[in-house]
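The values are calculated or read from the model by the stated rules, or taken from the named source; none is laboratory data. Keep in mind that this is a model prediction, so the values were computed, not measured. Neighbour counts are summed over all protein chains in view; Cβ atoms, including those assigned to glycine, are modelled from backbone coordinates with ideal geometry. With ligands, DNA and RNA removed, areas are computed over all heavy atoms of the protein, side chains included. Shrake-Rupley method; radii C 1.70, N 1.55, O 1.52, S 1.80 Å.
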Amino acid sequence: MAIPTSGFTGRRQNRDADLPPGQYLTDSFPVLSAGPTPHVLLADWTFRIDAGAGEAHQWTWDQLQALPQEDITTDIHCVTHWSKLGTRWRGVSLDTLFEDVESDAEYTMVHSYGGYTTNVPLDDLLDGKAWIVHEFDGEPLAPAHGGPARLLVPHLYFWKSAKWVNGIRLMEQDLPGFWETNGYNMYGDPWREERYW
Amino acid sequence: MKRTWQVVEVSAVRPETARARTVRLRFPDAVVGVPGQHVDLRLTAEDGYQAVRSYSVAAWVPPRELELTVEELDDGEVSPFLVGVLSVGDQLEVRGPVGGWFTWTPDLAGPLQLIAGGSGVVPLMAMLRSHSEARSAAPTRLLYSVRSPEHVFYRGELAVIEQEDTQVMIDIAYSREAPDGQRVGRLTHEAVTASCFPPADAPAIYICGSTGFVEAVAAWLVEDGHDAGRIRTERYGG
């Protein structure tokens, strides 16, 4: 039950925007990360899908660039309450990357350079719902925003869109990643306000 | 930790600078948390419009109170209200405290390196206060970068902590205007290195400030040989 706060009127900036509960609009692009920014050379960069039972699929930077590229325009929502509308990205659909992957696993752990991890159900990565992106607003993705490449899963809170991504491991059972062991929700649906625990 | 929104009452306010003030909130029941955590505040207008923001806890005042320090942002929607309008006796809603990463507790014995840019000092001050109250033996340094002497939060208390807590050393670096005889200018790599424990001491490092500040300082420390896995960061604004 909400109580009015005496004297607070607010600025109503998002009256006409369709925002998840508790979110406010920003035009800037805040940077959030748990530690220093890793700087990864393109020559060293790889992305790997580990399907278990010894089956692995791996791409170099050039191999990723050779795959079909998609332009994505989407809204993003951070658990720290900001939302940014109409962000423009370019990258490769996870549907493309998972084309030859055989597995019955339902869960994934996303891994990053620097050691970050986050868990996402496999269904939430497929059917046009997620990408490995390497451009933002027509420019190469800056290191502070996860460059050279990050995961983009816009329908979940943005901590699931792992920066500096280098791999996805399929799992039989759901396990918490970095923020999920530090108090954040296992799934993270912004429209249901699944922020903590 | 509380998942749900609780109604709290403002029990005290006091100015920190011309544009920042500390707000003390009284909870209905005991509130437990650790230094470095934050709370979500929810403000509701008469017509039901709501705004939610996160603020770091500056001080824990057991059993039922905690303090936030809020700096007014030029284009802010919530901070000008918290700094300029909110009064003792007003009620608002709080969720939390939350956060399990950017935290420090006095049972951690190793060297503690705190680095703040501007209002980024707030969660680090909670750690410093906890260090002093617990008489922690952890050798501790705070490097606090700020525009000018008028922008320093907790000035008097920092001086007292440095004098009374023999494990704590504090360096304030002024970027625009400094007291007489002190260096002025943007923080440099050399100045950061000189004000921090060396990598051989393996300090736990907490950096909080604007994105540009945190990016620069964290990169210098990694360059100096500090283990990236020991550096925790929190970025304000953006």
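The table for this structure:
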item	result
Residue list for segment B:152-169, restricted to those being in contact with an Asp or Glu (Cβ under 9 Å, 6 or more places away or on another chain) and touching a residue at least 24 places away in the same chain (Cβ under 8 Å)	B:Val152, B:Phe153, B:Tyr154, B:Val168, B:Met169
Cross-chain or 6+ apart pairs with Cβ under 8 Å, segment B:48-59 first and of a type in the set (S, T, N, Q), then assigned to a loop (DSSP other than H, G, I, E, B)	B:Gln50/A:Ala2; B:Gln50/A:Gly10; B:Gln50/A:Gly22; B:Ser54/A:Thr80; B:Ser54/A:His81; B:Ser56/B:Gly36; B:Ser56/B:Gln37
Residue that is more than 14 Å from chain B (Cβ to nearest Cβ) and either of a type in the set (Lys, Arg) or part of a helix (DSSP H, G or I) (or both), where the choices are A:Asp127, A:Asp123	A:Asp123
Selection within segment B:191-213 - over 27 Å from B:Ala137 (Cα atoms) and either more than 10 Å from every other protein chain (Cβ to nearest Cβ) or among the aliphatic types (A, V, I, L, M) (or both)	B:Phe213
Number of the exception - B:Ala109 against (1) hydrophobic (A, V, I, L, M, F, W, C); (2) away from chain A (no Cβ under 14 Å); (3) free of Cβ contacts under 8 Å to residues at least 12 places away in the same chain	(3)
Restricting segment A:155-185 to residues that are out of contact with any strand residue (DSSP E or B) (no Cβ under 7 Å at 6 or more places or on another chain) and within 14 Å of chain B (Cβ to nearest Cβ), the residue that is least open to solvent (accessible area, probe 1.4 Å)	A:Asn182
Members of segment B:190-214 found to be touching a Ser or Thr at 6+ places or on another chain (Cβ under 6 Å) and either in a helix (DSSP H, G or I) or modelled with pLDDT under 95 (or both), listed by number	B:Val214
All positions within segment A:53-84 that are closer than 24 Å to A:Trp179 by Cα, of a type outside the set (Ser, Thr, Tyr) and assigned to a strand (DSSP E or B)	A:Asp75, A:Ile76, A:His77, A:Trp82, A:Lys84
A:Pro36 surrounded by 15 or more Cβ atoms within 10 Å (Cβ to Cβ), closer than 20 Å to A:Lys163 by Cα and within 9 Å of another protein chain (Cβ to nearest Cβ)	yes
Residue satisfying all of: in segment A:41-51; out of contact with any helix residue (DSSP H, G or I) (no Cβ under 6 Å at 6 or more places or on another chain) and open to solvent by 30 Å² or more (accessible area, probe 1.4 Å); farthest from A:Trp164 (Cα to Cα) among these	A:Asp50
Which numbered condition B:Arg155 fails, given (1) more than 25 Å from B:Asp227 (Cα to Cα); (2) open to solvent by less than 30 Å² (accessible area, probe 1.4 Å)	(2)
Hits in segment B:93-106 - residues which are within 27 Å of B:Ala45 (Cα to Cα), facing another protein chain (nearest Cβ under 7 Å) and at pLDDT below 95	B:Val98
Strands (runs of 3 or more DSSP E) lying entirely in segment B:59-160 (those with 1 or more residues that are among the aromatic types (Phe, Trp, Tyr) and more than 14 Å from the chain's Cα centre (by Cα))	none
Odd one out for B:Leu73 among (1) at the interface with chain A (Cβ under 7 Å from one of its Cβ atoms); (2) at pLDDT below 95	(1)
Selected residue [within 21 Å of A:Pro38 (Cα to Cα) and open to solvent by 20 Å² or more (accessible area, probe 1.4 Å)] from B:Ala216, B:Ala200, B:Ala191, B:Ala178	B:Ala216
